[in-house]
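Notes follow once the structure below has been shown.
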Amino acid sequence: MPAGKLQVVPLGGLGEFGMNCMAFRWGDDIIVVDAGMMFPEAELLGVDIVVPDITYLTENRDKVRAIVLTHGHEDHIGALPWILSELNVPVYGTEFTLAYVENKLEEHELLDAAKLIEIRAGERFKIGPFTIHPIQVTHSLVDCVSLAIHTPLGVVIHTGDFKVDPTPTDNRLFDLHTFAEYGKDGVLALFQDSTNVERPGYTPSERAVRRKFEEVFARAERRLFICCFSSSIHRIKLTIDTAFEYNRKVALVGRSMNESAEIAQDLGYVDIPDGVLIHAGQVKDFPPERVCVLISGSQGEPMSALSRTAVDSHKHVKIERDDTVVLSSRIIPGNEKAIYRMIDHLYRREALVVYEDGSHPPVHVSGHASQEELKLIINLVKPRYFIPIHGEYRQLRRHGELAASMHGAVGKVIMLESGDVLEFDELGARKTGEVAVGRVCIDSGSRTDVVEDLVIRDRRLLSEDGIVLPIITINKLSGKVESVPEIVTRGFAPAGAENGFMDEARQVVVEALEQSSKEEKGDWGVMKEKIRQELKRYIHKNTSRRPLIMPVILEI
Ligand SMILES: [Zn+2]
Ligand SMILES: [Zn+2]
């Protein structure tokens, strides 16, 4: 065996949900697997996205050779604009993954400078001392791969996200054979997705959702709204296929939904028969029983298409009595309140709402492997070392325990968290140290604005730009605003911002309130986001500053 060390350094995603990013280093060469973001928790008001601290990479910038992507979900590619703007290295990904990446980089005007290299499942490629073999897997997105990374010390396998779906809608099968072959030849280490380790049994196939959709389409007597993640290509395909079968036109509502459907269609994942698609503005021209609206916003995001429709403030579509609304997605922990509030609004509109409530057939199935699938892969791969990845600490721990109980298949389990340095040499593997990791909060400007500079919302900037707290008092019963909004600031006193500035800022808040419907006013989430965006625009335009804006609504 060659003298040398393989270092593996998770920069995010181990011990936290999202922000997946892992560095592999041999001597003077580093490759990075995935560059994900996480959505901010509710406490992080004023922040749009959270990305990993990449100090380790920037300190070793002359050694970083490439970023290799497993698939196109935000928790795997969302930090790319931020990382590439610091460190412009080549990005490897499958055709579909790169299509998402292109859109994302274009938004940030980084596409022209980026070096994107397409990879294909089954076709090996070399980066420095590493030979990388992408292996086709199934997941809730399409064109996803695991990576078998050949290093001078042996092969390590990074699963990316996966489930073992024997009947994927795109008929691209999980390549179990290759996992088995690696297992026969010997695998140094397996890094495996822990997301669903708490679930016993097998995750149902995407095909299970089809039964529910057919039931819903058969019953719906009026307009049908289907809401899923815009990256759920399987669901978009299922919706369009079923709508065609049931003679309904399909309107795509929401920017991300349109972009995603376009990519899926271009790359042949979705086949849309002529005449099926209509523009959102045409929905009203068709009889309600002939329309299906594919809409984004499944997590109750305040400004999303479905949230706005739920409070009747969408410019094109309307939800009316006896319309059916299907939420074909998971309720992500942390978003329950926003989602249930949106569902309440939908019920108030007297719509029939179908959401994941444990009933069968399921309206949503997970994209991640449950226990039996995790065991299957471990059995095939039989790694000397097993390292659980992608999960909060309890999930990593339980995944470690699951693997440790498989004595014949796993040599040793190593628990890692973001920032730990795991080192392999000819004697074995051990944790040898830590590097700086953490979260960087980014305010990318309104997501609907085309381009705005990335602004690092770290402590330093916060202390420079300060905090602005608009305080609005609303009468709980009448929904009326009780008094002129107050604006309290801390550390925000831009030059030239005299009294008139604050008066105008208050006026901006008043206008945002006046222009909102009664239903919107009843929804604090929507109101706070509206006020935040209006004030942000006003303050930035007049002072070029970006203070943290945290609207406070008091009910009396
Ligand atoms: Zn994923
Ligand atoms: Zn993921």
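The values are calculated or read from the model by the stated rules, or taken from the named source; none is laboratory data. In this text the structure is predicted, and so the values were computed from the model without any measurement. Every residue, glycine as well, gets a Cβ built from its backbone with ideal geometry; the counts of neighbours run over all protein chains shown. In case anyone asks, the SASA skips ligands and DNA or RNA and just uses the protein heavy atoms, side chains included. Shrake-Rupley method; radii C 1.70, N 1.55, O 1.52, S 1.80 Å.
Need at least 2 residues that are more than 16 Å from ligand 2 (Cβ to nearest atom) and not hydrophobic (A, V, I, L, M, F, W, C) per element, so show me which helices (runs of 4 or more DSSP H) inside region 61-117 make the cut, counting only ones lying wholly within it. Lay out the reasoning, then the answer.
Values: elements: 74-77, 80-86, 95-107.
Passing ranges, in order: 80-86, 95-107.
In region 165-187, which residue that is among the charged types (D, E, K, R) and within 16 Å of ligand 1 (Cβ to nearest atom) is farthest from residue 21 (Cα to Cα)? Write out each step before concluding.
Taking region 165-187 first, the residues among the charged types (D, E, K, R) are 165, 170, 172, 175, 181, 184-185.
After this cut, where a residue has to be within 16 Å of ligand 1 (Cβ to nearest atom) as well, the list is 165, 170, 172.
Numbers: 165: 25, 170: 27, 172: 26 Å.
If we take residues in region 165-187 being among the charged types (D, E, K, R) and within 16 Å of ligand 1 (Cβ to nearest atom), then 170 is farthest from residue 21 (Cα to Cα).
Within region 241-251, can one find any residue that is modelled with pLDDT under 95 and either in a helix (DSSP H, G or I) or under 27 Å from residue 528 (Cβ atoms) (or both)? Steps first, please.
So the first thing to find is which residues in region 241-251 are modelled with pLDDT under 95, and the list is none.
Looking through region 241-251, none of the residues is modelled with pLDDT under 95 and either in a helix (DSSP H, G or I) or under 27 Å from residue 528 (Cβ atoms) (or both).
For region 408-428, what are the residues that are open to solvent by 40 Å² or more (accessible area, probe 1.4 Å) and in a loop (DSSP other than H, G, I, E, B)?
408, 411, 417, 426, 427 - these are the residues of region 408-428 that are open to solvent by 40 Å² or more (accessible area, probe 1.4 Å) and in a loop (DSSP other than H, G, I, E, B).
Restricting attention to region 149-164, and to residues there that are within 16 Å of ligand 1 (Cβ to nearest atom) and assigned to a strand (DSSP E or B), which single residue is nearest to residue 184 (Cα to Cα)?
Step one: filter region 149-164 for residues within 16 Å of ligand 1 (Cβ to nearest atom), giving 158-164.
Then drop every residue that is not assigned to a strand (DSSP E or B), which leaves 158, 163.
Working: 158: 17, 163: 22 Å.
Only one residue fits best here, namely 158.
Could you list, in sequence order, the residues of region 165-203 that are assigned to a strand (DSSP E or B) and either at pLDDT below 95 or within 16 Å of ligand 2 (Cβ to nearest atom) (or both)? Even if it seems obvious, please write down each step before you answer.
To start, the set of residues in region 165-203 that are assigned to a strand (DSSP E or B) comprises 187-193.
Hits for region 165-203 are 191, 192, 193.
Quick one: how many residues across region 162-191 are farther than 29 Å from residue 209 by Cα and either open to solvent by less than 50 Å² (accessible area, probe 1.4 Å) or touching a residue at least 12 places away in the same chain (Cβ under 8 Å) (or both)?
Quick first cut of region 162-191, residues farther than 29 Å from residue 209 by Cα only: 180-191.
Those left that are additionally either open to solvent by less than 50 Å² (accessible area, probe 1.4 Å) or touching a residue at least 12 places away in the same chain (Cβ under 8 Å) (or both): 180, 182-183, 185-191.
Count: 10.
Please find, within region 496-521, the residue that is nearest to the chain's Cα centre (by Cα) out of those that are touching a residue at least 60 places away in the same chain (Cβ under 8 Å) and surrounded by 15 or more Cβ atoms within 10 Å (Cβ to Cβ). If you could, list the steps in order and put the result at the bottom.
The first filter runs over region 496-521 and keeps only residues touching a residue at least 60 places away in the same chain (Cβ under 8 Å), leaving 516-517, 519-520.
From what's left, surrounded by 15 or more Cβ atoms within 10 Å (Cβ to Cβ): 516, 519-520.
Details: 516: 29, 519: 29, 520: 26 Å.
Of everything passing the filter in region 496-521, 520 is nearest to the chain's Cα centre (by Cα).
Run residue 148 past the list (1) of a type outside the set (Asp, Glu); (2) modelled with pLDDT under 95; (3) open to solvent by less than 40 Å² (accessible area, probe 1.4 Å) and report the number of the one that doesn't hold.
Against the list (1) of a type outside the set (Asp, Glu); (2) modelled with pLDDT under 95; (3) open to solvent by less than 40 Å² (accessible area, probe 1.4 Å), residue 148 comes up short only on (2).
Scan region 61-71 and tell me whether some residue there is more than 15 Å from residue 32 (Cβ to Cβ) and open to solvent by 10 Å² or more (accessible area, probe 1.4 Å).
No, region 61-71 has no match at all.
Residues that are over 16 Å from residue 191 (Cβ atoms) and within 25 Å of the chain's Cα centre (by Cα): does region 419-436 have at least one?
Scanning region 419-436 turns up at least one residue that is over 16 Å from residue 191 (Cβ atoms) and within 25 Å of the chain's Cα centre (by Cα).
What do you reckon, is residue 275 closer than 30 Å to residue 168 by Cα, small (Gly, Ala, Ser) and within 16 Å of ligand 2 (Cβ to nearest atom)? Even if it seems obvious, please write down each step before you answer.
Working: closer than 30 Å to residue 168 by Cα: yes; small (Gly, Ala, Ser): yes; within 16 Å of ligand 2 (Cβ to nearest atom): no.
No; evaluated as a whole, the condition is false for this residue.
Tell me which residues, restricted to region 88-104, are modelled with pLDDT under 95 and either open to solvent by less than 40 Å² (accessible area, probe 1.4 Å) or hydroxyl-bearing (Ser, Thr, Tyr) (or both).
To start, the set of residues in region 88-104 that are modelled with pLDDT under 95 comprises 88, 103-104.
Scanning region 88-104 gives a single hit, 104.
Is it the case that some residue within region 178-190 is acidic (Asp, Glu), within 18 Å of residue 355 (Cα to Cα) and touching a strand residue (DSSP E or B) at 6+ places or on another chain (Cβ under 9 Å)? Quick ask: steps written out before the conclusion?
Filtering region 178-190 for residues acidic (Asp, Glu) gives 181, 185.
Next, from what is left, pick out any that are within 18 Å of residue 355 (Cα to Cα): none.
No; the residues of region 178-190 include none that is acidic (Asp, Glu), within 18 Å of residue 355 (Cα to Cα) and touching a strand residue (DSSP E or B) at 6+ places or on another chain (Cβ under 9 Å).
For (1) in contact (Cβ under 8 Å) with a residue 40 or more places away in the chain; (2) over 15 Å from residue 371 (Cα atoms), each residue gets a yes or a no:
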| site | (1), (2) |
| --- | --- |
| 390 | yes, no |
| 396 | yes, no |
| 401 | no, no |
| 412 | no, yes |
| 421 | yes, yes |
| 426 | yes, yes |
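Tally up the residues in region 131-163 that are touching a helix residue (DSSP H, G or I) at 6+ places or on another chain (Cβ under 7 Å) and more than 16 Å from ligand 2 (Cβ to nearest atom), please.
The number of residues fulfilling the criteria is 4.
Among the numbered criteria (1) in contact with a helix residue (DSSP H, G or I) (Cβ under 8 Å, 6 or more places away or on another chain); (2) among the hydrophobic types (A, V, I, L, M, F, W, C); (3) surrounded by 23 or more Cβ atoms within 10 Å (Cβ to Cβ), which one does residue 110 miss?
(3)
For region 217-232, give me the residue count where each residue is crowded, with 21+ Cβ neighbours inside 10 Å and over 13 Å from residue 364 (Cα atoms). Full working, then the answer.
Step one: of region 217-232, the residues crowded, with 21+ Cβ neighbours inside 10 Å are 220, 223-232.
From what's left, over 13 Å from residue 364 (Cα atoms): 220, 223-225, 230-231.
Counting residues in region 217-232 that are crowded, with 21+ Cβ neighbours inside 10 Å and over 13 Å from residue 364 (Cα atoms) gives 6.
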